[in-house]
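Trainee: Got a structure for you, written out below as structure tokens; questions coming shortly.
The values are calculated or read from the model by the stated rules, or taken from the named source; none is laboratory data. Note that the coordinates shown come from a computational prediction; the quantities given were computed from them, not determined experimentally. Ideal geometry is used to build each Cβ from the backbone, glycine not excepted, and the neighbour counts take in all protein chains shown.
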Amino acid sequence: MSDEYKTIHEFDFKLICEFFSGMERQGPGSPEVTIKALSFIDNLTEQSQIADLGCGTGGQTMVLAQHAPGQITGLDLFPGFINIFNRNAEQSGLQDRVKGIVGSMDQLPFGKESLDLIWSEGAIYNIGFERGLNEWREFLKPGGYIAVSEASWFTEKRPAEINDFWVNAYPEIDTLPHQVNKIYKAGYLPVATFILPEKCWTEHYFARKIKAQEIFLNKYAGNKAAEELVASELYEEELYRKYKDFYGYTFFIARKTAL
Ligand code: SAH
């Protein structure tokens, strides 16, 4: 890794948000994967209350709404994403059931035991996997579900380059058995665990970034921070292609236990 390399966390937050605003999704995933994760959840009715935490512009939320009954609140820290989210909900005719609000996942504005389902794709890392599982639990009704996707190691050992990248970017990345154990220890019964297929990264994420990168570099020609952001995105993609056997995203679906 070069000394000049920076993690995404060090870039100007507004620039990052602007870059990702132009994309349908802000992390790896796909409509098929959202629908598959939903297929393990059997407690939903028209009265259900669902929260999508770190919803971004709502790519996955709209898919969720089209395949599940109930009211969905999307929550994200970045107001620009929530504006696009609410516009998307309206364009899909879902505005009566799907609402985006600005808020933080570490201070949820929901009542205790008020939610039937907490959804979060590629976002729980912002609070940390274990902390999110523990803190969000109290907002679920007894028997409520949580469905989150999170970065995982697929092997016990991996090459130093990819290990160092993740330890620097998100040290809480862990192996699947450890992650399932964290779910269990936080007071949930693991229901399903599946790894996101490669095309969730390549087709649904990286390929769609190319256009966003072009627009962004045109607008910010000569801006060092913008150029570094794009370079770091490209580096992330290069690492994925090189080391995809060692890590990826996993969907975890679990049900709140009584105790
Ligand atoms: N779920 C979306 C977005 C994932 S990117 C998708 O899969 O496409 C992670 C999202 O988390 C971003 O939209 C970012 O703005 C949001 N985020 C970061 N910190 C947050 C916080 N503390 N509370 C709520 N959202 C947060």
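Trainee: Which one of these is assigned to a helix (DSSP H, G or I), touching an Asp or Glu at 6+ places or on another chain (Cβ under 9 Å) and within 20 Å of residue 131 (Cβ to Cβ): 242, 182, 209? Quick ask: steps written out before the conclusion?
Mentor: Values: 242 fails: within 20 Å of residue 131 (Cβ to Cβ); 209 fails: within 20 Å of residue 131 (Cβ to Cβ).
On inspection, the qualifying residue turns out to be 182.
Trainee: Then there's this: Hey, among 208, 241, 255, which residue is at pLDDT below 95 and basic (Lys, Arg)? Talk me through it step by step, then tell me what you get.
Mentor: Details: 241 fails: at pLDDT below 95; 255 fails: at pLDDT below 95.
Being at pLDDT below 95 and basic (Lys, Arg) holds for just one of 208, 241, 255, which is 208.
Trainee: I would also like to ask the following. Do you know which of the residues in the range 107-138 that are more than 14 Å from the ligand (Cβ to nearest atom), surrounded by fewer than 24 Cβ atoms within 10 Å (Cβ to Cβ) and assigned to a helix (DSSP H, G or I) is farthest from the chain's Cα centre (by Cα)?
Mentor: 138
Trainee: Check residue 75 against each of (1) buried (at least 21 other Cβ atoms within 10 Å of the Cβ); (2) among the hydrophobic types (A, V, I, L, M, F, W, C); (3) more than 17 Å from residue 140 (Cα to Cα) and name the one condition it does not meet.
Mentor: Residue 75 satisfies all of (1) buried (at least 21 other Cβ atoms within 10 Å of the Cβ); (2) among the hydrophobic types (A, V, I, L, M, F, W, C); (3) more than 17 Å from residue 140 (Cα to Cα) except (3).
Trainee: If you don't mind, there's one more thing I want to ask. Search the range 75-88 for residues that are over 17 Å from residue 15 (Cα atoms) and touching a residue at least 24 places away in the same chain (Cβ under 8 Å) and pair each with any residue that is in a helix (DSSP H, G or I) and within 10 Å of the ligand (Cβ to nearest atom) when their beta-carbon atoms are under 8 Å apart and the residues are at least 6 apart or on different chains.
Mentor: 85/61
Trainee: A further question on this structure: List pairs: first in the range 106-134 and touching a residue at least 24 places away in the same chain (Cβ under 8 Å) and closer than 15 Å to residue 256 by Cβ, second within 15 Å of the ligand (Cβ to nearest atom) and charged (D, E, K, R), Cβ under 6 Å, 6+ apart or cross-chain?
Mentor: Every condition considered, the pairs that remain are 119/52.
Trainee: So for the range 93-106 (the condition being surrounded by 17 or more Cβ atoms within 10 Å (Cβ to Cβ), within 16 Å of the chain's Cα centre (by Cα), modelled with pLDDT of 95 or more and hydrophobic (A, V, I, L, M, F, W, C)), does at least one residue qualify?
Mentor: yes
Trainee: Restricting attention to the range 139-171, and to residues there that are more than 18 Å from residue 191 (Cα to Cα) and among the basic types (Lys, Arg), which single residue is nearest to the ligand (Cβ to nearest atom)?
Mentor: My answer is 158.
Trainee: Which number in (1) touching a helix residue (DSSP H, G or I) at 6+ places or on another chain (Cβ under 8 Å); (2) on the phi > 0 side of the Ramachandran plot marks the one condition that residue 222 misses?
Mentor: Residue 222 satisfies all of (1) touching a helix residue (DSSP H, G or I) at 6+ places or on another chain (Cβ under 8 Å); (2) on the phi > 0 side of the Ramachandran plot except (1).
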